[in-house]
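For reference, the structure discussed in these notes is given below.
The values are calculated or read from the model by the stated rules, or taken from the named source; none is laboratory data. No experiment lies behind these values; they were computed from the predicted model shown. Here the Cβ positions follow ideal geometry from the backbone for every residue, glycine too, while neighbour counts run over all protein chains shown.
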Ligand SMILES: NC(=O)c1ccc[n+]([C@@H]2O[C@H](COP(=O)([O-])OP(=O)(O)OC[C@H]3O[C@@H](n4cnc5c(N)ncnc54)[C@H](OP(=O)(O)O)[C@@H]3O)[C@@H](O)[C@H]2O)c1
């Protein structure tokens with residue numbers, strides 16, 4: 001599918017001896033949105049098994065907020081520190097997702113060619129908020145179907161992969177009763193849709209202004225967390241998905257039937273350590289950094305292309321407005337994804 005050619009090719013050195021440069025959103029210290037700035041940085045060098053992707057769209061997710069602000073669930077800083085950095089960020093270029101066009105491929109790459117429209121999760125390596133992004137061809141990367149724009153595709157990745165991997169650890173089938181806490185966020189909007197697509201009866205927990213949104217995604221009941229006690233539903237469910245961190249085992253048990261499954265998308269250190277022992281209390285608890293794959297991403301894209309899964313985009317910001325995008329994500333009130341437009345995609 002043809003796309004607008006880029007303004008200039010940042011892979012080409014501009015002066016003799018100078019390496020190729022590009023713009024990227026970087027942070028050199030932890031803090032509020034203002035620690036982020038657009039900087040001129042070297043273009044990453046793709047290895048023999050890598051793609052170099054010219055970015056059109058990315059998103060600012062809660063993971064960017066967490067890394068930028070070093071705002072991790074209680075106790076998790078100890079585990080994350082060696083990866084993200086203790087005193088200063090080890091990953092200076094933020095962004096865990098990218099959608100764009102393959103600009104170059106390493107000599108050993110098969111299955112991708114320059115010009116292909118792709119979307120990828122860069123994972124804990126980050127680096128997605130840049131004009132050019134290095135992606136291992138064996139990583140979580142997939143072709144974007146013609147039916148989807150690149151900004152739509154990128155909006156699926158963070159929430160969709162998370163929802164997919166957690167739901168794969170529960171028995172969700174026609175008639176399953178599921179309760180989704182934080183149903184209007186990036187992860188929650190995907191959990192609601194994927195669970196409903198499997199035939200579950202979904203009770204969505206969010207604030208009243210987001211009730212129509214979650215119903216449109218497949219929720220059959222909505223609980224307003226600002227006015228109702230989520231654990232006093234008056235019935236028990238088979239699966240609880242906590243995308244907020246306010247339904248740890250002790251609270252979730254009040255609404256979970258015996259033998260049910262608690263999917264802790266957010267858990268602090270105590271919740272993570274305690275998860276295997278939930279069985280002693282008659283339920284299963286799942287948490288942690290679950291693996292994901294290119295096949296999972298391809299499946300999400302297929303569902304979106306056929307109309308089963310809707311990318312939910314709250315706001316779109318120009319790359320230059322990345323600080324404003326962080327400010328909005330920091331409110332904790334976004335609905336679905338916040339997209340960062342790096343280049344406009346114009347399609348024939
Ligand atoms: N374990 C993993 O692999 C993994 C992967 C990805 C994300 N996560 C974690 O998952 C969490 C959710 O991520 P996200 O991207 O979905 O966040 P998000 O998009 O920022 O979530 C925002 C939503 O949360 C809702 N919310 C806020 N407080 C709430 C409350 N007390 N009760 C119910 N809903 C509430 C808001 O709804 P209202 O405005 O309607 O209240 C808003 O729509 C993050 O903590 C993230 O770190 C974990």
- Task: Could you list, in sequence order, all residues of region 1-25 that are touching a helix residue (DSSP H, G or I) at 6+ places or on another chain (Cβ under 9 Å) and at pLDDT 50 or above?
- Result: 23, 25
- strands (runs of 3 or more DSSP E) wholly in region 164-258 with at least 3 residues that are within 23 Å of residue 314 (Cα to Cα) - which ones? 177-181, 201-206, 221-224
- Query: Among all residue pairs at least 6 apart or on different chains, which show Cβ distances below 8 Å where the first residue, located in region 163-178, is at positive phi and the second is modelled with pLDDT of 95 or more and outside any strand (DSSP E or B)?
  - Reply: 175/199; 175/200
- Output yes when any residue across region 137-144 is assigned to a helix (DSSP H, G or I) and either surrounded by fewer than 22 Cβ atoms within 10 Å (Cβ to Cβ) or modelled with pLDDT under 95 (or both), and no when none is. no
- Query: Of all the strands (runs of 3 or more DSSP E) wholly in region 261-348, which have at least 3 residues that are within 13 Å of the ligand (Cβ to nearest atom)?
  - Reply: 313-318, 337-341
- Task: Check 153, 186 and return the single one that is within 12 Å of the chain's Cα centre (by Cα), surrounded by 24 or more Cβ atoms within 10 Å (Cβ to Cβ), on the phi < 0 side of the Ramachandran plot and away from the ligand (no atom under 16 Å from the Cβ).
- Result: 153
